[in-house]
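Right, one structure below, let's go through it.
The values are calculated or read from the model by the stated rules, or taken from the named source; none is laboratory data. Here the structure is a predicted model, which means the values were calculated and not measured. In this analysis, Cβ positions are derived from the backbone assuming ideal geometry, glycine residues included, and neighbour counts consider all displayed protein chains.
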Amino acid sequence: MGNLFNWYNCIIIIVFFIDAALFMRVMKLTEKAHEATHLTSHITNVPENDKRKEKEESASGIIGKLNQWYSFFSNTVTIFPLLGMLGTVISLYSLAGDLADSSTSFFAALSSTIWGIVFAIIGKGADAFIAPKVEAENKAYDLLVERNSNERKSEAAE
């Protein structure tokens, strides 16, 4: 049986750990975005215009980072099948050069395909979990901006 952890399989595994770290970063940013965009129940009076603007700018920065990190995360998920196919092609290419070692090359081709598929499935599951959270925080930010804009207009009319 061939080596389950050849260099291209190791690359797939490393990318998986990078993707897991990106997932954790996105989860933390969704929590920060939630805190920045949602009103808390202990606020008793409407904040002044400059405080609303400061809160909106802070939320804007967090939402920008959230969307950027989510984009990195979702793009690395789509890389797994490509890495698996690359490992397959590399292994099959080496198969053509040395027919005596064909079983090892064939196993290496299958193992890289399996790693790519397994991590793609895990990544898509994680993406399905986090995508609604990112979308909800983007909607909450839009609502915050709209609410602040309406309050500024009503203050200007007074």
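For residues in the range 119-150 being among the aromatic types (Phe, Trp, Tyr) and in contact with a helix residue (DSSP H, G or I) (Cβ under 7 Å, 6 or more places away or on another chain), which is nearest to LYS65 (Cα to Cα)?
The initial filter retains those residues of the range 119-150 that are among the aromatic types (Phe, Trp, Tyr), namely 119, 129, 141.
Add one more test, that the residue is in contact with a helix residue (DSSP H, G or I) (Cβ under 7 Å, 6 or more places away or on another chain), and what stays is 119, 141.
Working: PHE119: 25, TYR141: 13 Å.
Once the filter is applied, the top-ranked residue is TYR141.
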Query raised in the report: Do we find that LYS124 is under 14 Å from the mean Cα position of the chain (by Cα) and farther than 21 Å from HIS34 by Cβ in this structure?
Result: yes
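Can you say whether ILE90 is modelled with pLDDT under 80 and either under 21 Å from the mean Cα position of the chain (by Cα) or within 16 Å of ILE11 (Cβ to Cβ) (or both), as far as the supplied structure shows? Walk me through how you get there before you give the answer.
Details: modelled with pLDDT under 80: yes; either under 21 Å from the mean Cα position of the chain (by Cα) or within 16 Å of ILE11 (Cβ to Cβ) (or both): yes.
Spelling it out, ILE90 is indeed modelled with pLDDT under 80 and either under 21 Å from the mean Cα position of the chain (by Cα) or within 16 Å of ILE11 (Cβ to Cβ) (or both).
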